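> The structure's right below; bear with me while I get my questions together.
The values are calculated or read from the model by the stated rules, or taken from the named source; none is laboratory data. No experiment lies behind these values; they were computed from the predicted model shown. Note: ideal-geometry Cβ built from the backbone for every residue, glycine included; neighbour counts use all protein chains shown. To get the accessible areas, we keep the full protein, side chains included, count just its heavy atoms, and leave off ligands, DNA and RNA. Shrake-Rupley method; radii C 1.70, N 1.55, O 1.52, S 1.80 Å.
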Amino acid sequence: MLDAALAPSDIEAVALAGLTARPKWLPPKLFYDEAGVALFERITELPEYYLTRTERALLQRCGAEITALAPPDAALIEYGASDEAKARLLIDAQPGRFAAYVPIDIAAPALAAMAARLASSHPGLAVHPICADFSEPLALPRASTGRTAFGFFPGSTIGNLDPEAALAFLRRAGRTLGAGAHFVVGTDLRKDPAILLPAYDDAAGVTAAFNLNLLRRLNREADADFDLAGFTHRAVWNDAESRIEMHLVSRRRQRVRVAGTAVDFAPGETIHTENSYKFAPAAFASLARQAGWETIRVWTDADGLFALHALQLTGSPG
Ligand code: AVJ
């Protein structure tokens, strides 16, 4: 897996910045090396991890209604598109509605594979991948200008951003997508921690392996010497912040070297590796409104697990 946005020197710098801070932390985008992408795939198939299958069923059920919001010949712009499976549910819901598809992702090989698959299944669709970190400013390709943009950010990925970053992202997306744009965003809903916690601490230990893989990656790519047996996976529900947190817990007192720097751990000390925010619909609408987006429609599944929000750009830039 090639990370356009993460050169080797970046990984060392990012790892050191987080591991020399107090409390220690690492950014979740480091999860997705080749092994991490494969482990995440397995997570999406776990019985406890309801997010992916629930969102997929929602898109299957409501795809035509969602797509009907777009004007004819709109450009579908997907943020964090690791594959085109979810976009297909919109593209095929009303054939011909989207004239162009612009997947944005940091993994160049995945983007090339998507473009190749869509070229054979949808020869009339203009596919223009952008290899970029969606959390940074980006310009849409010329081919999609002149078309009304229809943004799509599925997967509850926005939940990995803290509220200030989510607000900044939504404001920037408004400027990128431009006048007349809609934006469909998938978010996980607030719910009983008895459902949330197993989704992030599954019985088969796949999420634990996904979390620990971060240390294996730093050993390989950031000149680190973590003993993986010295750390355990922990998921906690932080109700005040409305988020699941993932941590790696040091089992003992230990010293680790990272890119030539000694990093000391006390027993029980943690590295905070991910936040996954869970939104009540009104809380997400309020965040979106602050960023200049009006919520025009919300779809949820019958069990109230997951939500798709249709946003429309208001006059004020937020
Ligand atoms: C990247 C947002 C889909 O927060 O649920 C899965 C990543 N982390 N299990 C999430 C994740 C632990 C995930 N998303």
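> Show me the ranking of peptides 212-218, 195-201 by mean Cβ neighbours inside 10 Å, starting with the highest.
My ranking of the peptides, most packed first, is 212-218, 195-201.
> Moving to a separate point now. What list of ³J(HN,Hα) couplings, whole Hz, do you get for the stretch 193-207 from phi and the Karplus terms 6.51, -1.76, 1.60, once you set θ to phi - 60° and write x for glycine and proline?
x, 5, 8, 5, 4, x, 5, 10, 8, 6, 4, 7, x, 5, 5
> Taking the Cα centre of the stretch 80-208 as origin and charging only Cβ (+1 Lys, Arg; -1 Asp, Glu), how large is the dipole, in debye to the nearest 20?
Charge dipole of the stretch 80-208: 660 debye, to the nearest 20.
> A follow-up question, please. Starting from 0.36 nm per residue, how many nanometres of slack lie between Asp10 and Ser121 once their C-alpha separation is accounted for?
Stretched fully, the Asp10-Ser121 segment lengthens by 36.2 nm.
> Something else now. Quick one: Debye curve from the alpha-carbon atoms of the chain only, equal weights, vacuum; give me log10 I(q)/I(0) at q = 0.10, 0.12, 0.14 Å⁻¹ to two decimals.
-0.58, -0.84, -1.12
> Sticking with this one: Report the residues of the stretch 11-39 in range of a label on Glu241: point 7 Å along Cα→C-beta, backbone N strictly under 20 Å from it.
Answer for this model: 14-32.
> Full extension from Ala21 to Ala99: what is 0.36 nm times the residue separation minus their Cα-Cα distance, to one decimal in nm?
This chain segment gains 23.4 nm when fully extended.
> How large, in percent, is the carbon and sulfur part of the accessible surface of the chain at a probe radius of 1.4 Å?
Solvent-exposed carbon and sulfur of the chain make up 54 percent of the total.
> Give me the 1.4 Å probe accessible area per residue for the chain, excluding ligands and nucleic acids, in Å².
Ligands and nucleic acids excluded, the result is 42 Å² per residue.
> Another one. Per DSSP H run of at least 4 residues, take -39500 (n - 2.57); add these up for the chain, divide by its residues and hand me the 222 nm value, nearest 500 deg cm²/dmol.
Calculated from helices alone, the mean residue ellipticity at 222 nm is -10500 deg cm²/dmol.
> Taking amide H atoms as placed 1.01 Å from N in the peptide plane, list the residues 5 or more away in sequence, or in a different chain, whose amide H sits under 5 Å from that of Thr273.
Under 5 Å from the amide H of Thr273: Leu26, Met246, His247, Leu248.
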